[in-house]
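Right, one structure below, let's go through it.
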Amino acid sequence: MKIFIDTANLDMIKEINSWGILDGVTTNPSLIAKEGTDTRTRVKEIAKIVDVPISAEAMSLDSEGMIKEGRELASIHENINVKLPMCVEALKATKVLSGEGIDVNMTLIFSAQQALLAAKAGARYVSPFVGRLDDIGQQGMEVLGQVVGVFFNYGFGTEVIAASIRNPIHVLDAAAMGCDIATIPYNILLQMVSHPKTDEGIQNFIKDYEKSKKK
Ligand code: E4P
């Protein structure tokens, strides 16, 4: 499974890239606002520090605007793909942008039906939001599984990004079902590294090593 980081923070991106596990970066307007910058500036900066796909979200709500913004964002760097929010206008824009070789990440996906349409229109990625479905009492993982299953049935080239990840179990479940990608917040990547038994084991080995040195 590919691992993307879900952040617009440069230090976090640099750190996770240094682990040797980074396959991509997703941003969104809220993550960009948290950094006190704008999408164009930030994705340009990200593209300078990592050589992986980077999602940049277009803010237009009509297809013409989305196409224009999509072309502008994609022209910043060859690694940039355009995030569009699932709707009829985004489907139209996806058809045009994908026809021009510009990758689209269809975001705010909450059902397999939406994902199916996005794939048919030519999206390179679809992003089902697992955590936000859980938040409203629905089974986010179940929807993700439906998307993965539908795409498998028809051999769609569109990759599924497990998004709105809230804990390491979400990552595990996504990997177990064969989801192509998970976009993971920094704090959850940190949680995935640690295990109390690993920490305890390291401490014990150090203690024993120190003892054996003294002999
Ligand atoms: C995906 O690309 C989104 O940026 C993200 O996963 C949304 O997650 P949230 O529900 O935690 O805001």
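The helices (runs of 4 or more DSSP H) found entirely in the range 1-58 that carry 1 or more residues being within 16 Å of the ligand (Cβ to nearest atom) and open to solvent by 70 Å² or more (accessible area, probe 1.4 Å) are 29-34. For the range 136-149, the criterion of being out of contact with any Phe, Trp or Tyr (no Cβ under 7 Å at 6 or more places or on another chain), of a type in the set (A, V, I, L, M), without any contact (Cβ under 8 Å) to a residue 60 or more places away in the chain and under 15 Å from Ala74 (Cα atoms) is met by no residue.
Kindly check whether there is at least one residue in the range 123-131 that is of a type in the set (D, E, K, R) and surrounded by fewer than 18 Cβ atoms within 10 Å (Cβ to Cβ).
Pass one, the range 123-131, residues of a type in the set (D, E, K, R): 124.
Restricting the remaining residues to those that are surrounded by fewer than 18 Cβ atoms within 10 Å (Cβ to Cβ) gives none.
Among the residues of the range 123-131, not one is of a type in the set (D, E, K, R) and surrounded by fewer than 18 Cβ atoms within 10 Å (Cβ to Cβ), which makes the answer no.
When we screen Glu72, Glu142 for residues that are closer than 26 Å to Thr39 by Cβ and open to solvent by 20 Å² or more (accessible area, probe 1.4 Å), the only hit is Glu72. Would you call Leu73 closer than 15 Å to Ile161 by Cβ, within 16 Å of the ligand (Cβ to nearest atom) and in a helix (DSSP H, G or I)? In short, no. Can you find a residue in the range 84-102 that is in contact with a strand residue (DSSP E or B) (Cβ under 9 Å, 6 or more places away or on another chain) and closer than 19 Å to Ile165 by Cβ? The answer is yes, given that some residue of the range 84-102 is in contact with a strand residue (DSSP E or B) (Cβ under 9 Å, 6 or more places away or on another chain) and closer than 19 Å to Ile165 by Cβ. In the condition set (1) hydrophobic (A, V, I, L, M, F, W, C); (2) out of contact with any Phe, Trp or Tyr (no Cβ under 7 Å at 6 or more places or on another chain); (3) closer than 18 Å to Ile54 by Cα, Ile161 is compliant with all but (2).
The values are calculated or read from the model by the stated rules, or taken from the named source; none is laboratory data. What you see is a predicted model, and the numbers here were worked out from it, not measured in a lab. Here the Cβ is made from the backbone with ideal geometry for all residues, glycine too, and neighbour counts use every protein chain on show. To get the accessible areas, we keep the full protein, side chains included, count just its heavy atoms, and leave off ligands, DNA and RNA. Shrake-Rupley method; radii C 1.70, N 1.55, O 1.52, S 1.80 Å.
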